[in-house]
1. Answer yes or no as to whether residue 48 is assigned to a loop (DSSP other than H, G, I, E, B) and hydrophobic (A, V, I, L, M, F, W, C).
2. Would you tally the residues in the range 69-85 being aliphatic (A, V, I, L, M) and more than 17 Å from residue 24 (Cβ to Cβ)?
3. Just checking, does the range 21-30 include any residue being touching a strand residue (DSSP E or B) at 6+ places or on another chain (Cβ under 7 Å) and within 16 Å of residue 105 (Cα to Cα)?
4. Given 88, 71, which one is crowded, with 20+ Cβ neighbours inside 10 Å and acidic (Asp, Glu)?
5. What pairs come up if the first residue lies in the range 96-119 and is at positive phi, the second is of a type in the set (A, V, I, L, M) and part of a strand (DSSP E or B), and their beta carbons are under 9 Å apart, counting only those six or more places apart or on different chains?
6. Residue by residue through the range 49-90, note down the ones that are among the small types (Gly, Ala, Ser) and at pLDDT 95 or above.
7. Do we have residue 2 as open to solvent by less than 30 Å² (accessible area, probe 1.4 Å), under 16 Å from residue 117 (Cβ atoms) and out of contact with any helix residue (DSSP H, G or I) (no Cβ under 6 Å at 6 or more places or on another chain) here?
Amino acid sequence: QLQACGGGLVQAGGSLRLSCAASGGTFSMRAMGWFRQAPGKEREFVAAIWWSAGTTYYADSVKGRFTISRDNAKKTLFLQMNSLKSEDTAVYYCAADRNLILSSIDSVPAYDYWGQGTLVTVSS
């Protein structure tokens, strides 16, 4: 089970930090990621991390502004979002998968486990 939190209302240029805690059962995820879905749009990739190595991947739209990280001991995923823009407004979802292959790390269908989503609203 994945539980995301940390969303809220922030002015453009501000920062937010999202968290996603994994619970229940043995944690053996190969990768975890953040996706977002704006109103009327499809869910899109934001960032992901290969859990064991800590290697990170980002969508071009957030590169240099967002940072994904993890706390292995606490089985928690983070997304530090800086220099937020109005176009970052969306519901943010964390996702995880045990058998992900690297070439699919930015693919929505590749992830089997999803959190409930947390709303981020950036006012201009």
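The values are calculated or read from the model by the stated rules, or taken from the named source; none is laboratory data. Here the structure is a predicted model, which is why all the values come from computation and not from measurement. Cβ placement follows ideal geometry from the backbone for every residue including glycine, while neighbour counts extend to all protein chains displayed. We work out accessible area using only protein heavy atoms, side chains counted, and drop any ligands, DNA or RNA first. Shrake-Rupley method; radii C 1.70, N 1.55, O 1.52, S 1.80 Å.
1. So residue 48 does not fit the description; no.
2. Going residue by residue through the range 69-85, those that are aliphatic (A, V, I, L, M) are 73, 77, 79, 81, 84.
Restricting the remaining residues to those that are more than 17 Å from residue 24 (Cβ to Cβ) gives 79, 81, 84.
Residues in the range 69-85 being aliphatic (A, V, I, L, M) and more than 17 Å from residue 24 (Cβ to Cβ): 3 in total.
3. Looking for residues that are touching a strand residue (DSSP E or B) at 6+ places or on another chain (Cβ under 7 Å) and within 16 Å of residue 105 (Cα to Cα), one finds at least one in the range 21-30, hence yes.
4. Numbers: 71 fails: crowded, with 20+ Cβ neighbours inside 10 Å.
Exactly one of 88, 71 is crowded, with 20+ Cβ neighbours inside 10 Å and acidic (Asp, Glu), namely 88.
5. 117/4; 117/91
6. Restricting attention to the range 49-90, the residues satisfying the condition of being among the small types (Gly, Ala, Ser) are 52-54, 59, 61, 64, 69, 73, 83, 86, 90.
Within the range 49-90, 59, 61, 64, 69, 83, 86, 90 meet the criteria.
7. Working: open to solvent by less than 30 Å² (accessible area, probe 1.4 Å): yes; under 16 Å from residue 117 (Cβ atoms): yes; out of contact with any helix residue (DSSP H, G or I) (no Cβ under 6 Å at 6 or more places or on another chain): yes.
Against the criterion (open to solvent by less than 30 Å² (accessible area, probe 1.4 Å), under 16 Å from residue 117 (Cβ atoms) and out of contact with any helix residue (DSSP H, G or I) (no Cβ under 6 Å at 6 or more places or on another chain)), residue 2 qualifies.
This table checks each residue for (1) open to solvent by less than 10 Å² (accessible area, probe 1.4 Å); (2) in a strand (DSSP E or B).
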position	(1), (2)
18	yes, yes
39	no, no
42	no, no
53	no, no
57	no, yes
63	no, no
77	yes, yes
84	yes, no
